[in-house]
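The values are calculated or read from the model by the stated rules, or taken from the named source; none is laboratory data. In this text the structure is predicted, and so the values were computed from the model without any measurement. Positions of Cβ are generated from backbone atoms using ideal geometry, with glycine treated the same way; all protein chains shown enter the neighbour counts. For the accessible areas, the whole protein counts, side chains as well, though only heavy atoms, and no ligand, DNA or RNA atoms are used. Shrake-Rupley method; radii C 1.70, N 1.55, O 1.52, S 1.80 Å.
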Amino acid sequence: MTRDLSTPPVIPSGLLAGSPQPTLPAAQGRLVLRPWTAADAPVFLSAYQDQEIRRWHTRRPSSETGVREWFARYRQDWEQERGAHWAVARSGGEVLGRIALGSLNFDDGTAGVGYWVLPAARGAGVATSALTTLSEWAIEKIGFHRLHLDHSTRNHASCRVATKSGYRLEGTKRSAALHDDGRHDMHLHARVREA
Ligand SMILES: CC(C)(COP(=O)(O)OP(=O)(O)OC[C@H]1O[C@@H](n2cnc3c(N)ncnc32)[C@H](O)[C@@H]1OP(=O)(O)O)[C@@H](O)C(=O)NCCC(=O)NCCS
(Lines give C-alpha, C1' and ligand atoms only; values in the text may rest on other atoms or scores of the structure.)
Protein backbone atom coordinates (compact mmCIF):
# COMPACT_ATOMS: atom_id res chain seq x y z
CA MET A 1 0.00 0.00 0.00
CA THR A 2 1.30 3.51 -0.83
CA ARG A 3 2.36 5.60 2.12
CA ASP A 4 1.08 9.16 1.68
CA LEU A 5 3.04 10.83 4.51
CA SER A 6 5.78 13.39 3.95
CA THR A 7 7.66 12.24 7.07
CA PRO A 8 9.39 8.86 7.51
CA PRO A 9 7.91 6.52 10.14
CA VAL A 10 9.45 6.95 13.59
CA ILE A 11 9.29 3.15 14.00
CA PRO A 12 9.66 0.89 10.96
CA SER A 13 6.84 -1.53 10.33
CA GLY A 14 7.80 -5.07 11.38
CA LEU A 15 10.03 -4.03 14.27
CA LEU A 16 7.73 -5.58 16.89
CA ALA A 17 6.27 -8.48 14.97
CA GLY A 18 9.70 -9.50 13.65
CA SER A 19 10.58 -10.95 17.08
CA PRO A 20 8.66 -12.87 19.73
CA GLN A 21 7.14 -10.71 22.48
CA PRO A 22 9.91 -10.32 25.09
CA THR A 23 9.84 -10.98 28.82
CA LEU A 24 11.07 -7.87 30.63
CA PRO A 25 12.69 -7.99 34.10
CA ALA A 26 11.50 -5.26 36.50
CA ALA A 27 12.17 -4.13 40.08
CA GLN A 28 15.79 -5.37 40.06
CA GLY A 29 14.67 -8.81 38.93
CA ARG A 30 11.96 -9.29 41.57
CA LEU A 31 9.22 -8.89 38.93
CA VAL A 32 8.78 -9.82 35.30
CA LEU A 33 6.55 -8.55 32.54
CA ARG A 34 5.77 -11.64 30.47
CA PRO A 35 3.19 -12.64 27.84
CA TRP A 36 -0.09 -14.09 29.17
CA THR A 37 -0.55 -17.87 29.02
CA ALA A 38 -3.75 -19.94 29.05
CA ALA A 39 -2.99 -20.96 32.67
CA ASP A 40 -3.42 -17.30 33.74
CA ALA A 41 -7.10 -17.24 32.69
CA PRO A 42 -8.57 -17.85 36.22
CA VAL A 43 -6.52 -15.11 37.93
CA PHE A 44 -7.17 -12.69 35.05
CA LEU A 45 -10.91 -13.33 35.33
CA SER A 46 -10.85 -12.98 39.12
CA ALA A 47 -9.22 -9.54 38.81
CA TYR A 48 -12.45 -8.21 37.31
CA GLN A 49 -14.39 -9.17 40.48
CA ASP A 50 -12.43 -6.50 42.38
CA GLN A 51 -14.49 -3.37 42.95
CA GLU A 52 -11.60 -0.98 42.24
CA ILE A 53 -10.76 -2.67 38.93
CA ARG A 54 -14.48 -2.67 38.03
CA ARG A 55 -14.65 0.99 39.00
CA TRP A 56 -11.98 2.07 36.53
CA HIS A 57 -12.18 -0.57 33.77
CA THR A 58 -15.49 -0.94 31.96
CA ARG A 59 -14.26 -3.52 29.47
CA ARG A 60 -14.43 -6.88 31.27
CA PRO A 61 -14.27 -10.56 30.38
CA SER A 62 -17.24 -12.62 31.60
CA SER A 63 -15.82 -16.18 31.61
CA GLU A 64 -12.53 -18.07 31.35
CA THR A 65 -13.42 -18.84 27.73
CA GLY A 66 -13.79 -15.11 27.17
CA VAL A 67 -10.39 -14.51 28.81
CA ARG A 68 -8.74 -17.06 26.52
CA GLU A 69 -10.28 -15.21 23.55
CA TRP A 70 -8.77 -11.99 24.91
CA PHE A 71 -5.39 -13.74 25.19
CA ALA A 72 -5.68 -14.90 21.56
CA ARG A 73 -6.40 -11.29 20.54
CA TYR A 74 -3.38 -10.19 22.59
CA ARG A 75 -1.17 -12.54 20.54
CA GLN A 76 -2.71 -11.21 17.31
CA ASP A 77 -2.15 -7.64 18.51
CA TRP A 78 1.57 -8.38 18.79
CA GLU A 79 1.70 -10.17 15.42
CA GLN A 80 -0.22 -7.34 13.71
CA GLU A 81 1.55 -4.56 15.67
CA ARG A 82 -1.66 -3.19 17.18
CA GLY A 83 -0.75 -3.64 20.84
CA ALA A 84 1.37 -5.44 23.41
CA HIS A 85 0.01 -7.01 26.59
CA TRP A 86 1.93 -8.37 29.57
CA ALA A 87 1.20 -10.13 32.84
CA VAL A 88 3.13 -8.53 35.71
CA ALA A 89 4.30 -11.41 37.89
CA ARG A 90 6.71 -12.21 40.69
CA SER A 91 9.85 -13.58 39.12
CA GLY A 92 9.03 -17.25 38.54
CA GLY A 93 5.75 -16.88 40.41
CA GLU A 94 2.24 -15.55 40.76
CA VAL A 95 0.55 -12.95 38.60
CA LEU A 96 0.23 -9.57 40.33
CA GLY A 97 -1.16 -7.36 37.59
CA ARG A 98 -1.51 -6.37 33.98
CA ILE A 99 0.14 -3.74 31.80
CA ALA A 100 -0.37 -3.06 28.11
CA LEU A 101 0.48 -0.77 25.24
CA GLY A 102 -2.30 0.17 22.81
CA SER A 103 -3.16 2.79 20.19
CA LEU A 104 0.21 2.17 18.53
CA ASN A 105 1.13 4.80 15.94
CA PHE A 106 4.43 3.96 14.26
CA ASP A 107 4.33 7.07 12.03
CA ASP A 108 4.32 9.45 15.00
CA GLY A 109 6.05 7.07 17.42
CA THR A 110 3.27 7.20 20.02
CA ALA A 111 1.36 4.66 22.12
CA GLY A 112 -1.02 4.55 25.07
CA VAL A 113 -0.57 2.59 28.32
CA GLY A 114 -3.03 0.88 30.66
CA TYR A 115 -2.59 -1.18 33.86
CA TRP A 116 -4.12 -2.72 36.95
CA VAL A 117 -2.72 -4.50 40.00
CA LEU A 118 -4.50 -7.17 42.06
CA PRO A 119 -5.71 -5.92 45.46
CA ALA A 120 -3.32 -8.06 47.56
CA ALA A 121 -0.28 -6.69 45.68
CA ARG A 122 -1.12 -2.97 45.87
CA GLY A 123 0.89 -0.31 47.63
CA ALA A 124 4.26 -2.07 47.09
CA GLY A 125 5.37 -0.27 43.95
CA VAL A 126 4.29 -2.97 41.49
CA ALA A 127 2.48 -0.62 39.09
CA THR A 128 5.25 1.97 39.23
CA SER A 129 7.98 -0.63 38.57
CA ALA A 130 6.02 -2.20 35.71
CA LEU A 131 5.22 1.15 34.10
CA THR A 132 8.80 2.39 34.42
CA THR A 133 10.20 -0.82 32.90
CA LEU A 134 7.70 -0.88 30.06
CA SER A 135 8.30 2.80 29.28
CA GLU A 136 12.08 2.43 29.19
CA TRP A 137 11.79 -0.60 26.90
CA ALA A 138 9.30 1.14 24.57
CA ILE A 139 11.26 4.39 24.34
CA GLU A 140 14.86 3.22 24.47
CA LYS A 141 14.68 -0.21 22.84
CA ILE A 142 11.77 0.15 20.40
CA GLY A 143 12.05 3.86 19.66
CA PHE A 144 8.69 5.31 20.70
CA HIS A 145 8.89 9.06 21.15
CA ARG A 146 5.86 9.63 23.37
CA LEU A 147 3.75 7.37 25.62
CA HIS A 148 0.49 8.62 27.04
CA LEU A 149 -2.07 7.45 29.56
CA ASP A 150 -5.26 8.80 30.98
CA HIS A 151 -7.13 8.16 34.21
CA SER A 152 -10.19 9.57 35.92
CA THR A 153 -9.41 12.70 37.93
CA ARG A 154 -10.91 10.75 40.88
CA ASN A 155 -8.33 7.93 40.55
CA HIS A 156 -5.64 9.39 42.80
CA ALA A 157 -3.56 6.20 43.02
CA SER A 158 -3.24 6.02 39.23
CA CYS A 159 -2.26 9.70 39.15
CA ARG A 160 0.59 8.93 41.58
CA VAL A 161 1.73 5.92 39.53
CA ALA A 162 1.81 8.01 36.36
CA THR A 163 3.69 10.89 37.94
CA LYS A 164 6.22 8.63 39.70
CA SER A 165 6.89 6.85 36.38
CA GLY A 166 7.78 10.04 34.54
CA TYR A 167 4.39 10.75 32.95
CA ARG A 168 3.85 14.48 33.39
CA LEU A 169 0.32 15.79 33.78
CA GLU A 170 -0.62 17.67 30.59
CA GLY A 171 -4.20 18.62 31.33
CA THR A 172 -7.76 17.51 31.94
CA LYS A 173 -9.99 16.09 29.22
CA ARG A 174 -13.43 17.24 30.33
CA SER A 175 -16.13 14.56 30.52
CA ALA A 176 -14.01 12.27 28.35
CA ALA A 177 -14.87 8.80 29.66
CA LEU A 178 -18.01 6.92 30.61
CA HIS A 179 -17.70 4.76 33.73
CA ASP A 180 -20.39 2.71 35.53
CA ASP A 181 -21.24 5.72 37.72
CA GLY A 182 -21.37 8.23 34.87
CA ARG A 183 -19.04 10.55 33.01
CA HIS A 184 -15.57 11.36 34.34
CA ASP A 185 -13.07 14.08 33.61
CA MET A 186 -9.78 12.43 32.64
CA HIS A 187 -6.23 13.51 33.38
CA LEU A 188 -3.90 13.17 30.39
CA HIS A 189 -0.30 12.27 31.29
CA ALA A 190 2.62 11.61 28.95
CA ARG A 191 6.24 10.56 29.08
CA VAL A 192 8.27 11.96 26.19
CA ARG A 193 11.69 10.78 25.02
CA GLU A 194 14.34 13.07 26.38
CA ALA A 195 16.44 14.75 23.70
C1 LIG B 1 -3.76 2.21 40.52
C2 LIG B 1 -3.04 0.90 40.78
C3 LIG B 1 -2.65 0.27 39.45
C4 LIG B 1 -1.77 1.18 41.60
O5 LIG B 1 -1.03 -0.03 41.73
P6 LIG B 1 0.08 -0.18 42.89
O7 LIG B 1 0.97 -1.31 42.54
O8 LIG B 1 -0.60 -0.21 44.20
O9 LIG B 1 0.86 1.20 42.71
P10 LIG B 1 2.20 1.67 43.45
O11 LIG B 1 2.38 0.88 44.69
O12 LIG B 1 3.29 1.64 42.43
O13 LIG B 1 1.89 3.21 43.77
C14 LIG B 1 0.64 3.57 44.33
C15 LIG B 1 0.67 5.03 44.69
O16 LIG B 1 -0.67 5.47 44.82
C17 LIG B 1 -0.85 5.97 46.13
N18 LIG B 1 -2.23 5.71 46.51
C19 LIG B 1 -2.82 4.52 46.71
N20 LIG B 1 -4.11 4.72 47.05
C21 LIG B 1 -4.31 6.07 47.02
C22 LIG B 1 -5.42 6.91 47.27
N23 LIG B 1 -6.61 6.40 47.59
N24 LIG B 1 -5.26 8.26 47.14
C25 LIG B 1 -4.06 8.78 46.80
N26 LIG B 1 -2.96 8.03 46.54
C27 LIG B 1 -3.10 6.69 46.67
C28 LIG B 1 0.16 5.26 46.98
O29 LIG B 1 0.39 5.97 48.18
C30 LIG B 1 1.36 5.29 46.02
O31 LIG B 1 1.95 6.56 45.92
P32 LIG B 1 3.22 7.01 46.85
O33 LIG B 1 4.34 6.09 46.47
O34 LIG B 1 3.46 8.42 46.47
O35 LIG B 1 2.82 6.82 48.27
C36 LIG B 1 -3.91 -0.09 41.59
O37 LIG B 1 -4.35 0.56 42.76
C38 LIG B 1 -5.11 -0.60 40.81
O39 LIG B 1 -5.00 -1.55 40.06
N40 LIG B 1 -6.27 0.05 41.01
C41 LIG B 1 -7.50 -0.38 40.34
C42 LIG B 1 -7.41 -0.30 38.80
C43 LIG B 1 -6.87 1.02 38.32
O44 LIG B 1 -7.03 2.06 38.95
N45 LIG B 1 -6.21 0.97 37.16
C46 LIG B 1 -5.67 2.16 36.53
C47 LIG B 1 -6.72 2.79 35.69
S48 LIG B 1 -6.09 4.27 34.92
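Miscellaneous remarks
- Solvent-accessible area per residue in the range 28-101 equals 50 Å², computed with a 1.4 angstrom probe and all protein chains kept.
- Each Lys or Arg adds one and each Asp or Glu subtracts one; over the other residues with Cβ under 11 Å from the Cβ of L15, this totals 0.
- Cα→Cβ-extended label distance, 7 Å offset, between H145 and S62, nm: 4.2 nm
- When the square roots of the Cα gyration tensor eigenvalues are ordered a ≥ b ≥ c, the ratio a/c for the chain is under 1.5, which makes its shape rounded.
- Computed label-point distance, nm, for sites T7 and T37 using a 7 Å Cα→Cβ extension: 4.1 nm
- Centre separation in Å (Cα based) which lies between the range 1-61 and the range 106-126: 9 Å
- Working note: 222 nm ellipticity from helices only, DSSP H runs with n ≥ 4, each -39,500 (n - 2.57), summed and divided by the residues of the chain, gives -7500 deg cm²/dmol to the nearest 500.
- Accessible carbon and sulfur surface of the range 94-195 relative to its total accessible area, %, 1.4 Å: 47 percent
- Along the range 179-185 the Karplus relation, 6.51 cos²θ - 1.76 cosθ + 1.60 evaluated at θ = phi - 60°, assigns HN-Hα couplings of 10, 4, 9, x, 7, 10, 6 Hz to successive residues, with x for each Gly and Pro.
- Extension gain for E81 to S175 (0.36 nm times residue separation, less C-alpha to C-alpha distance): 30.8 nm.
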